[in-house]
Amino acid sequence: MNHHMSHRNHLWVAGLAVIAISLAGCQQSTKSQATSSGSQSSQASQSSTKKAESAASASSSNNTVATMKNYQVPASEKQKKSYVKSGLLTIPGEFSYDKAGTKLTLKKKQNSTRKTASTGLSYQMISTKMITNSAKTSAAKQMAEQAFNVTTIANPYQTIQINFKINNQLDQDVRTDGINKVVFNGTNTATSASGLSDSSAGQTIKAHQTRTFHAMVLTGTADTTVTKLAIQFSGSFSANGEKRSSSPKTLDVALN
């Protein structure tokens, strides 16, 4: 388990350079995510986001991304009503740019309350966002390839952002490997080895705490049609690697 988690964490940190930046325009609002868990859930989500951004900076310092200048968005793009300088993409057609030079355009957003559970853990979907990504610079393309651990990526390409929360009902802290895999359209599989970048991988969820996470799935070219997702979450482990809960039943999500 420890070797597996180390592998997932390595891939996740390597990919955060692009994912954390992208989330500046695309991540679900922690305010709208908070439910019965109230401020505890919101604070946990904010903490997770800050850690992601910190990890991204640490990862970036090890490569050329650290010294690159922020991409300058063309004035003609800034003048468009659908341009979002900062904040969330909430309406289909809205777009933003990340610092590396990737244009992110929201194709569709769908809220969800689908749930699955294992011993002491519950997993609940919050939303999915289908995003068209167009890398305007070689650095942006390279970062995307690192994020999803692929040799080369189509440009433009499509991603689906999965927003979800995990509730630990146990009396002890647990670690989770996050999402084991996502199968889309019944035949295509994304894992940490290729196609999936997941902020929950290797994370600790304290006793009786709810934490909100996000994962990005690379689904192919920008015109790829995705109608369903099958999300297989991992179970949980104690700090020393002892199994605490098994993987829950696969969570099926239909995309309208």
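The values are calculated or read from the model by the stated rules, or taken from the named source; none is laboratory data. Owing to the predicted nature of the structure, the values given are computational and were not obtained by experimental measurement. Ideal geometry is used to build each Cβ from the backbone, glycine not excepted, and the neighbour counts take in all protein chains shown. Keep in mind that these areas ignore ligands, DNA and RNA; they rest on the heavy atoms of the full protein, side chains included. Shrake-Rupley method; radii C 1.70, N 1.55, O 1.52, S 1.80 Å.
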| said: Going through the cross-link list LYS141/LYS181; LYS78/LYS108; LYS85/LYS206; LYS80/LYS165; LYS103/LYS243, which pairs have a Cα-Cα distance over 31 Å in this structure? | reply: LYS85/LYS206; LYS80/LYS165; LYS103/LYS243
| message | Rolling a 1.4 Å sphere over the protein heavy atoms, what is the accessible area per residue of the stretch 87-229, to the nearest Å²? | response | 36
| query | Given +1 on the Cβ of Lys and Arg, -1 on the Cβ of Asp and Glu, and no further charges, what dipole in debye does the stretch 91-254 carry about its Cα centre, rounded to the nearest 20? | reply | 300
| In a Debye calculation with equal point scatterers on the alpha-carbon sites of the stretch 91-254 and no solvent, what is log10 I(q)/I(0) at q = 0.19 Å⁻¹? | -1.16
| request: Calculate the dipole size of the stretch 94-162 relative to its Cα centre from +1 charges on Lys and Arg beta carbons and -1 charges on Asp and Glu beta carbons; express the result in debye to the nearest 20. | output: 220
| task | Please give the net charge around THR119, taking every other residue with its beta carbon less than 14 angstrom from that of THR119, where Lys and Arg add +1 and Asp and Glu add -1. | result | +1
| note | Looking only at aspartates and glutamates whose Cα falls under 12 Å of LYS81's and that sit 8 or more positions away or on another chain, we get GLU94
| message | Can you classify the stretch 67-151 as rounded, prolate or oblate using the Cα gyration tensor, where a ≥ b ≥ c are the square roots of its eigenvalues, rounded means a/c under 1.5, and otherwise it's prolate if a/b beats b/c and oblate if not? | response | oblate
| Environment charge of ALA100, counting only residues whose C-beta is closer than 14 Å and scoring Lys/Arg +1, Asp/Glu -1 | +3
